Amino acid sequence: MPAHSNPCETPSVGERVSDFLRLAEADPRAAIALAAVATRQAHAQRDLAAESVAERAMGIAAMHLADLDASVRHLRSAIRLADRAGSADQAAEARIRLAFVRSIRGRPHQGLREIDAALPHLHGPSRARAEAQRAAIFNHLGQFDDALVGYRAAVPALRRAGDYLWLQRVLTNRAIAHGYRQQFTAAEVDLHEAESLCQKLDLDLSLAIVHGTFGWVRAVQGDVPSALHYFDLAERRYRALDTHQLGWLLNDRSELLLKVHLVAEAREAAEEAVAQLERMNRRIAVPEVRLLVAQAAALDGEPGRALDQAYQAMREFNRQQRPRWAARARFVVLRSRLAGEDRSHVAVAHLERAAADLSAGGWPVAALEARLLAGELAVERGWLSRGRRQLQQASRERHHGPALVRARAWYSEALLRRADGNRRGAKIAIRTAVRILDEHRASLGAIDLRAYASGHRTEATALGLRMALEDSSAARVLEWAERSRASHLLMRPVRPPNDPELARALTELRAIATDISEHRRAGRGSSRLVRRQITLEREIRDHRRRQRSEESFQPTAPVPVPALAAALGDSALVEFIHLDGQLHAVTVIGGRVRLRRLRPLADIRDLIERVPFALHRLARHHVDAADQSAARVMLRHAALHLDEVLFGPLASELGDRDLVVIPTGPLQSLPWSVLPFCGGRPVTVSPSAALWFAGRGPRRAAGHIAVAAGPGLPGARAEAEAVAAIYRTAPLAGVVASVQAVTAALDGADVAHLAAHGHLHLYNPLFSSLRFADGPLTVYDLERLHRPPQLVVLAACDIGRPVVPAGDELLGLSAAFIAQGTRQIVASVTTIPDAQATHLMTAFHRALTGGVPAAAALAQTQQALVTEDAATMATAAAFVCIGGEYSFAA
C-alpha cells in the first residue's frame, strides 16, 4: 500500500494546512479553530511555509466572519512568513486575498496595488488567481469589461490546473459581471457550474454565495418567484453557518422588493443591510445600499430622507474612487430633488448629463429613466424639441429587455407621441405598457405580490386618465379609471398546492397566537412568543411568494358601457376618481355616462377621518352625555359636508335610485349610510365596476349555510345561534369552531356568517384574520377554498376595511373573498364594540331570507335602527355591502 494511503500514518502539519484553505470556504469557524492549532505546531516545528498557509487560512476565514481587522492581520503575517521562508508564490497568494479584503473595506485601489505587487512573482495557476482577484475588484469598481478580460484569462488556467476551489469563486464573480451586462444566459451557465463544484467540494458557505448570486441574476431578469427561492436558500445556509454575510443578501433582496413595489419591506431590508454591512466593515457595499434606501424613501413619500441618503452615498463613492457608481448616485440625488419641493430648481441639462454618464457607465436601465425624466421635464417647461429627443432615446428599449424596462420605454413612447400631438398613438402606447406589466404580474402566484406590483401601472394609467379628462370624455375617463383600480382582483387566483410545510407553519402560527393571548390574559410576558410569531409570518409569506402562476395570461378589459348599463337597470353607478389632487365622479345612469368635477380631495380628507372617530365614540358604552352630544355634532357636521361634496352635484341625476359606489383613496373605508343621501338607500360598494359586474353573473345552485362563532367575543355565540336558527341549521361554536372546521364549512356555502374577533394587519394584510377556537383564520387559509361562499357576513370589528398598497389596489379579508369569487360581503369598515351587532345581524338575515337583496336588506335594517340608542345606531352604520349583488334563494 502506498505510504500516503497508510491509515496509520499521521499527516505532518505541512500536509494538513492546505486542507484548511478549503475549510475556510466551507466552515470558517471550524477553519479558524483548527488552523490556530496548526499555526502553533508549525511555529514550534519552525515550518515557516506551513505557518504561512495556516495564517492565510485564518485570514480567509476571518474575512467570511466579518472580522476584517483580524483578516488583515493574519494575511500580513502570512506574507511575512512566506517571505522569510523564501516562498514568493505563497506571499503572492496571501497578497491576492489581502487585496480583496482591502477592496471590500472600501479601498479598491489599494487592493489593485496589492495585486500589482504580487503579479511579478506569479506564474501558472497562481497568476490566474491574481488575475481573477483583480477582476473581482474591477467588479466592485463597476469596470465590467476589464473584469471580463481578467476572468477570460483566469478561468482556462484554473481548469487546467484543477484548482476547483478558486474556479467556483471565479465563476460566481464572473456571473455578476455578466449580470450587470445583462448577459443572463452566460451568467447562469457560470452559476450552474459553480453550484456543482461547491456541492462536490462540500463548500457550504460558497454554495450559499452562489445561491444568493443566482437570486440576484433572476431578480435582474424580473423572475420574482425564482429570485425569492434562491435568496431563501442562501439565507438558510448563512444562518446555519452563523456567518455575517446577510448584509449582501439583504441588499439584493431590497433591490428585488423595490422591483415589485414592496416599498416598506424594501426600505426595511435596505436599512438593515446598511447597519449589517457597516458592522461587518464591508464599506465597499454600504453606499450601494444607501442608494436603495434613498429610492425606497422617495417612493415612501420622504424626499428629504431620500436626498440625504443619496448625497451620502455619492460622497462615499467618490472617496472609494468609483466614478461609475458615483454617476448613479448623482442621478438618485436628482430624482429625490424632483420628488420634493426642489423640483423647480432641477435643470433639464442636469438630467441630460446624468443620462449620458449612466449610459457611458453601463447603467442602461437608469439611463432610460434619466432620459424619460429629462424628456418629461423639458416638455413640462415648454421645450418640446428638447424633450422629444430624450423621450425618443428612452423609447428605443421598448422591444427588448425585462418587462419593467420595456414597459417604461413604452411609457416614454406614449409621452413622445403625446408631445407630437398623436393622442391616438399615445393611448395605444399606454395600453401596451399596461399589458406588458400585466403579463409580468400574471406570473406571480401570491396575491400580495400582484397587488403591490400593480404600483408599476399607476403612472401609465394616470397618463391615460389625464388624457381622457383633457378630452372631457366621460366614457374614456371611466375606462381609464377602471384600468387603474383593483385590477389584480380580476386575475384568476392561484390556489396553493397541498403543501405540508405551509400547513405545518399555519398550524404553529395558530398555536403561537393562542399562547400569546393566554399569556396576556394572565399578565405574563410574551415577547419570545411574539418574536416567533413574526418569524413564522415571514416564513409563510415568503413561502407563498415563491409560488409561480402557471396560468396563461388572459388580458382583461373594462366592461363596455352598454353592458354595464344593462346590468345596472334602474340602479345608478357612481365611480369616484382622484387625480392630481382633484376628485371627479363618473355616473352611469340609464345608459348615459356623465363626468363631474368635484372638489380637491384635500378639502374633505379631514372630514373623512372624523366619521370613524365619531362613530367609535358613539358606539362605546358608559360615555357621558356631553361626550355623546359632541360626537353626534361631529358626525352630523362631517356627514353633511361630505354629502354636499360627493353627492350634491349628482343628486338631481341620481334621484332615488339604488347606488353602486366605486370609491377611491380614503373613500375606500367610508361608512356610506351615514351620508344623508345614502341613508335608507341600498348602496353596494365595489372595488371596481368590473368586479361589481362579475359579481352579478349566473349564481351557482344554492348551497348550505355556514354559521360560526369565535371565542372571547361576548355575545358571539348567542348571535351565531340566533342567525343559525333563522336558517334552521346548527352553528359552529366553542371548541368545535376550529379554523379547519370553519374553513370546511365555508367551502361551497351559500351564506356564511362569521361572528369573531377580527384583526386588520396593516403591515402584512394577508395576515388579517378572524379568531376561532384554535387561533386565527387568515387570507392564507381562504386561498385553499375550492368554492367560496356566495355571501359572507363578517360580524367583526372593522375587518371590512381594506389595505390599499398601491393606487386603488386592495388587500385584506374582504378583498381575499372577492378574489376567490365571493359575490357579496357585508362587513364593518370602522371600529365597533363587542356584542352590539346581534340586533342588526338577526334583522338583516330575516330580511334576506324574506327575499330582500343583501344591499337593500342592510339599508332597511340600518334605517330601522337609526332611532335606537347611539351605540346600536353607530354599530349598524359601520357596515357596508361590498362586491356584486346577492339575493337569497330558499
With label points built 7 Å along Cα→Cβ from the Cα atoms of Ile534 and Ser472, find their separation and express it in nm. 5.6
What net charge is computed for the residues neighbouring Leu191, neighbours being all others with C-beta under 11 Å from the C-beta of Leu191, Lys and Arg scored +1, Asp and Glu -1? -2
The stretch 734-890: proportion of alpha-carbon pairs further apart than 28 angstrom, %: 16
For the chain, size of Cβ-based charge dipole, Lys and Arg +1, Asp and Glu -1, in debye: 1800
Could you calculate the contour length gain from Glu508 to Arg236, that is, 0.36 nm times the residue separation minus the distance between their Cα atoms, to one decimal place in nm? 96.0 nm
Between (i) 1.04; (ii) 1.01; (iii) 1.09, which matches Rg/Rh (Cα atoms, Kirkwood Rh) calculated for the structure shown? (i)
Quantify, in whole percent, the carbon and sulfur part of the accessible surface of the stretch 69-157 (1.4 Å probe; protein heavy atoms only). 46
With the charge dipole of the chain built from beta-carbon charges (+1 for Lys and Arg, -1 for Asp and Glu) about the Cα centre, the Cα from His400, Val574, Ala275 projecting farthest to the positive end belongs to His400
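Taking the Cα centre of the stretch 462-559 as the origin, how large is its charge dipole in debye, to the nearest 20, when only Lys and Arg (+1) and Asp and Glu (-1) carry charge on their Cβ atoms?
Magnitude of the dipole: close to 560 debye.
Using +1 on the beta carbon of Lys and Arg, -1 on that of Asp and Glu, and nothing else charged, what's the dipole of the stretch 622-732 about the Cα centre, debye to 20? List each step's numbers first, then the result.
Working: 9 positive and 9 negative charges, 109 e Å.
Here the stretch 622-732 has a charge dipole of around 520 debye.
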Using a 10 Å cut-off on Cβ atoms, rank the peptides 783-796, 577-590, 379-392, 165-178 from the highest mean neighbour count down. 165-178, 783-796, 577-590, 379-392
Backbone N under 16 Å from the Ala360 label point (7 Å along Cα→Cβ), restricted to the stretch 318-336: 322-331
Dipole of the stretch 78-158 (Lys/Arg Cβ +1, Asp/Glu Cβ -1, origin at the Cα centre): which of Phe100, Phe138, Ala128 lies farthest to the positive side? Phe100
If I model a spin label at Glu644 and Gln582 as a point 7 Å from the Cα along the Cα→Cβ vector, what separation in nanometres do I get? 2.2
Give me the angle, in degrees from 0 to 90, between the Cα long axis of helix 48-64 and the longest principal axis of the Cα atoms of the chain, rounded to the nearest 10. 10
Residues listed by number, the stretch 839-861, amide nitrogen under 12 Å from Glu868 label point at 7 Å toward C-beta: 839-845, 861
Of the residues Ala327, Ala475, Val826, the Cα lying farthest along the dipole of the chain towards its positive end, which is defined by charges on the beta carbon of Lys, Arg, Asp and Glu, belongs to Ala327
FRET efficiency for Glu518 and Gln110, Cβ-Cβ distance as r, R0 = 51 Å, nearest 0.05? 0.30
Please give the contour-minus-distance gain from Gln628 to Ser344: 0.36 nm per residue of separation, less the Cα-Cα distance, rounded to one decimal in nm. 97.4 nm
Computed over the stretch 431-556, the convex hull of the Cα set has an average projected area, in nm², of 10.6
How large a share of the accessible area of the stretch 638-733, in percent, is made up of carbon and sulfur atoms when the probe is 1.4 Å and the other protein chains stay in place? 55
In nm, give the distance between the simple-model label positions of Arg84 and Gln392, each being 7 Å from the Cα along the Cα-to-Cβ direction. 7.0
Could you sort the peptides 500-509, 186-195 by per-residue average Cβ neighbour count (10 Å cutoff), highest mean leading? 186-195, 500-509
Could you compute the FRET efficiency for Gln199 and Ala566, with r as their C-beta to C-beta distance and R0 at 56 Å, rounded to 0.05? 0.35
Residues Asp542 and Ala161, FRET efficiency given R0 of 30 Å [Cβ-Cβ distance, rounded to 0.05]: 0.15
Percent antiparallel among DSSP beta bridges confined to the chain, rounded to 5, stands at 55
For Ala702 and Arg597, compute 0.36 nm times the residue count separating them, minus their Cα-Cα distance, and round to one decimal in nm. 33.5 nm
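Which order do peptides 679-687, 731-739 fall in by mean Cβ count within 10 Å, highest first?
Per-residue Cβ counts within 10 Å, averaged per peptide and sorted highest first, yield 679-687, 731-739.
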Note, Ala147: beta-carbon cut-off 14 Å, +1 each Lys/Arg, -1 each Asp/Glu, net +3
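Normalised by the residues of the chain, what does the relative contact order come to in percent, with Cα pairs under 8 Å and at least six apart?
Normalised by residue count, the contact order of the chain is 7 percent.
The values are calculated or read from the model by the stated rules, or taken from the named source; none is laboratory data. This one's a predicted model, so the numbers in the text were calculated from it and none came from an experiment. In this analysis, Cβ positions are derived from the backbone assuming ideal geometry, glycine residues included, and neighbour counts consider all displayed protein chains. Surface accessibility is based on the protein's heavy atoms, side chains included, excluding ligands, DNA and RNA. Shrake-Rupley method; radii C 1.70, N 1.55, O 1.52, S 1.80 Å.
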